[in-house]
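K.L.:
The following block contains the structure, expressed as structure tokens.
The values are calculated or read from the model by the stated rules, or taken from the named source; none is laboratory data. What you are looking at is a predicted structure, and each value in this text was computed from that prediction instead of being measured. Heads up, the Cβs are rebuilt from the backbone with ideal geometry, glycines too, and the neighbour counts pull from every protein chain shown. Keep in mind that these areas ignore ligands, DNA and RNA; they rest on the heavy atoms of the full protein, side chains included. Shrake-Rupley method; radii C 1.70, N 1.55, O 1.52, S 1.80 Å.
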Amino acid sequence: MTATLPRALPSPDGKPVPPPGTTDTFRAFAHDLATGRRPWTAEAAQFIADLFDQLAADWDTTRATGRDDPLRDALTRGGPIPRGPCLELGSGTGLFTPVLTAAFPHVISVDLSMRMLQQAHCRSPWRVRADASRLPLADASVTTMAAIDMLLFPAETARVLAPDGLLLWINQLGSDGPLYLPAATVVAALPGTWQATESEAGWGSWAVLRRTG
């Protein structure tokens, strides 16, 4: 079940819409991976790690949107937000880690790209290089998982989240983003029963998902 809130933060001019060719390819891959139509392989993991290693040095100036509207709106209107530890998946250069650090007592930033994590050294004190399909965490050990422009690994997400935990699913560019998945697709992909609250904010979109059974 998905509830949609009205937009509270307008979309400013100048949205950096990526070119359609590569975006469509990545979006199809993200959808097929989330829905189990495509496996996550060692080759895919290496490709992603190499790609973002190459982009890391210039990421903040050439690729990042610099806008945290969807994340801030999710934390403001998607509550109640638990106060336990937060796992930031696909943390990149840590642009959004300070926002999470202000909301949670402990944030662990995880990325597949070592160079991205190195770029984040001033923003994120707790950084781990790991594959999100095999997280080095115990079952039900995380209160909140923040996935910002991230691939969805449904089984691992459900395993790591506490029974009363939540998933923050953020797309910085909304449906124009290369890894965009609507909340209904995320709900359907996750094991068990989940409830989602979603909205748009700035250039992007967000969803807060809670397990209900």
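K.L.:
So, residue 206, is that one within 26 Å of residue 13 (Cβ to Cβ) and either crowded, with 18+ Cβ neighbours inside 10 Å or of a type in the set (Gly, Ala, Ser) (or both) or not? Step through it out loud before you land on a result.
P.N.:
Details: within 26 Å of residue 13 (Cβ to Cβ): yes; either crowded, with 18+ Cβ neighbours inside 10 Å or of a type in the set (Gly, Ala, Ser) (or both): yes.
For residue 206, the condition - within 26 Å of residue 13 (Cβ to Cβ) and either crowded, with 18+ Cβ neighbours inside 10 Å or of a type in the set (Gly, Ala, Ser) (or both) - is met.
Matching residues to (1) open to solvent by 30 Å² or more (accessible area, probe 1.4 Å); (2) under 16 Å from residue 207 (Cβ atoms); (3) at pLDDT 95 or above:
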| residue | (1), (2), (3) |
| --- | --- |
| 132 | no, no, yes |
| 161 | no, yes, yes |
| 174 | no, yes, no |
| 182 | yes, yes, no |
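K.L.:
Tell me, which residue of the range 6-39 that is surrounded by 15 or more Cβ atoms within 10 Å (Cβ to Cβ) and hydrophobic (A, V, I, L, M, F, W, C) is nearest to residue 195 (Cα to Cα)?
P.N.:
34
K.L.:
Would you please name the residue that is nearest to residue 89 (Cα to Cα), looking only at residues in the range 154-213 that are β-branched (Val, Ile, Thr) and over 14 Å from the mean Cα position of the chain (by Cα)? Step through it out loud before you land on a result.
P.N.:
In the first step, residues of the range 154-213 are kept if they are β-branched (Val, Ile, Thr); the result is 157, 160, 170, 185-187, 193, 197, 208, 212.
Right, trim to over 14 Å from the mean Cα position of the chain (by Cα) and you get 160, 185, 187, 193, 197, 212.
On the way: 160: 12, 185: 19, 187: 18, 193: 22, 197: 20, 212: 22 Å.
The qualifying residue nearest to residue 89 (Cα to Cα) is 160.
K.L.:
Looking at (1) open to solvent by less than 50 Å² (accessible area, probe 1.4 Å); (2) outside any helix (DSSP H, G or I); (3) touching a Pro at 6+ places or on another chain (Cβ under 9 Å); (4) not aromatic (Phe, Trp, Tyr), which is the one condition that is false for residue 191?
P.N.:
Of the numbered conditions (1) open to solvent by less than 50 Å² (accessible area, probe 1.4 Å); (2) outside any helix (DSSP H, G or I); (3) touching a Pro at 6+ places or on another chain (Cβ under 9 Å); (4) not aromatic (Phe, Trp, Tyr), the odd one out for residue 191 is (1).
K.L.:
Yes or no: residue 140 surrounded by fewer than 22 Cβ atoms within 10 Å (Cβ to Cβ) and at positive phi? It would help to see each step written out before you state the result.
P.N.:
Details: surrounded by fewer than 22 Cβ atoms within 10 Å (Cβ to Cβ): yes; at positive phi: yes.
Criteria met by residue 140.
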